[in-house]
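The values are calculated or read from the model by the stated rules, or taken from the named source; none is laboratory data. Just so it is clear, the structure is predicted and the values come from calculations on it, not from any experiment. With ideal geometry, Cβ positions are generated from the backbone for all residues, glycine too; neighbour counts draw on all protein chains shown.
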Amino acid sequence: MTWEEITTNVVEAWEVVRAGMSVSTMVLILAGFLVLYFIVRYNSLIRLRNNIKNSLADIDVQMKMRFDLVDNLVNTVKGYAGHEKETLENLTKARTNFLNASSMDQKLSADQALSGALKSLFAVSENYPDLKANQNFLQLQTELSDIENKIAASRRFFNSTVNEYNSSIETFPTNIVAKLFGFKREEFFATAEVEKAVPKVQF
């Protein structure tokens, strides 16, 4: 039930019972109205907070899918550009850091490192025509690009949800409910500069 529906129902009920109502009855109705309002606002904030958690979990799953492609990518590149040791090591290191991460911040840091390593890899691949023509390499590029687009979309949804949630807990009178039950502001998902710089894959 929305706040508008609650308000309408209360007004209609008020008109019906207003005549001859005692003060004590009026107080009880008003108290019930306030309790009902607090319940609706509380449940709304819980829903928004759960949406934030779910969207962040979705980003986590997609980042894992992205890292799962790293091994295949490294093995493919080794056959054509094995002496690009530093670039390949950076890819492997980023994947290891992600798998060993114990917090979302650490996973995001590893994801940013992967973006930088992929940028370098795609740049050096221009020097290896045979690598660029390899079907497995092309397929991996396509999959990486597709996952990155999904991650970007999930980040936009996450930020939109955070914005709605933050606006709710800062807007009167919902901010009263937020303070009473300890709802805190959530941070937006900021895209690192290195990720913004990753070039689009062209075929």
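Some notes on this structure:
- Test: residue in region 66-83 that is touching a Lys or Arg at 6+ places or on another chain (Cβ under 6 Å), at pLDDT 85 or above and buried (at least 17 other Cβ atoms within 10 Å of the Cβ): yes
- A single member of Leu91, Leu45, Leu56 is at pLDDT 85 or above, in a helix (DSSP H, G or I) and closer than 30 Å to Leu131 by Cα, and it is Leu91.
- The set of residues in region 148-173 being surrounded by 13 or more Cβ atoms within 10 Å (Cβ to Cβ) and aromatic (Phe, Trp, Tyr) consists of Phe157, Phe158, Tyr165.
- Residue in region 181-201 that is part of a helix (DSSP H, G or I) and at pLDDT 90 or above present: no
- Restricting region 148-171 to residues that are in contact with a Ser or Thr (Cβ under 7 Å, 6 or more places away or on another chain) and either of a type in the set (Ser, Thr, Tyr) or free of Cβ contacts under 8 Å to residues at least 40 places away in the same chain (or both) leaves a set whose member that is farthest from Asp60 (Cα to Cα) is Ser168.
- Taken together, the criteria place Ser102 among residues that are modelled with pLDDT of 85 or more, under 27 Å from Lys53 (Cβ atoms) and either touching a Cys at 6+ places or on another chain (Cβ under 8 Å) or outside any helix (DSSP H, G or I) (or both).
- Number of the condition not met by Arg156 [criteria: (1) under 28 Å from Arg95 (Cβ atoms); (2) in contact with a helix residue (DSSP H, G or I) (Cβ under 9 Å, 6 or more places away or on another chain); (3) among the charged types (D, E, K, R); (4) modelled with pLDDT of 90 or more]: (2)
- Looking only at residues of region 124-147 that are exposed (fewer than 15 other Cβ atoms within 10 Å of the Cβ) and free of Cβ contacts under 8 Å to residues at least 40 places away in the same chain, we find that the one that is nearest to the chain's Cα centre (by Cα) is Asp146.
- Within region 67-81, tally of residues that are within 19 Å of Asn97 (Cβ to Cβ) and among the charged types (D, E, K, R): 2
- Scanning region 52-90 for residues that are acidic (Asp, Glu) and either touching a Gly at 6+ places or on another chain (Cβ under 8 Å) or without any contact (Cβ under 8 Å) to a residue 60 or more places away in the chain (or both) turns up Asp60, Asp68, Asp71, Glu84, Glu86, Glu89.
- Within region 172-188, residues that are in contact (Cβ under 8 Å) with a residue 60 or more places away in the chain and over 15 Å from Val40 (Cβ atoms) sit with their Cβ atoms under 7 Å from residues that are β-branched (Val, Ile, Thr) and part of a helix (DSSP H, G or I), at 6+ positions apart or across chains, in these pairs: Glu186/Ile52; Glu186/Val162.
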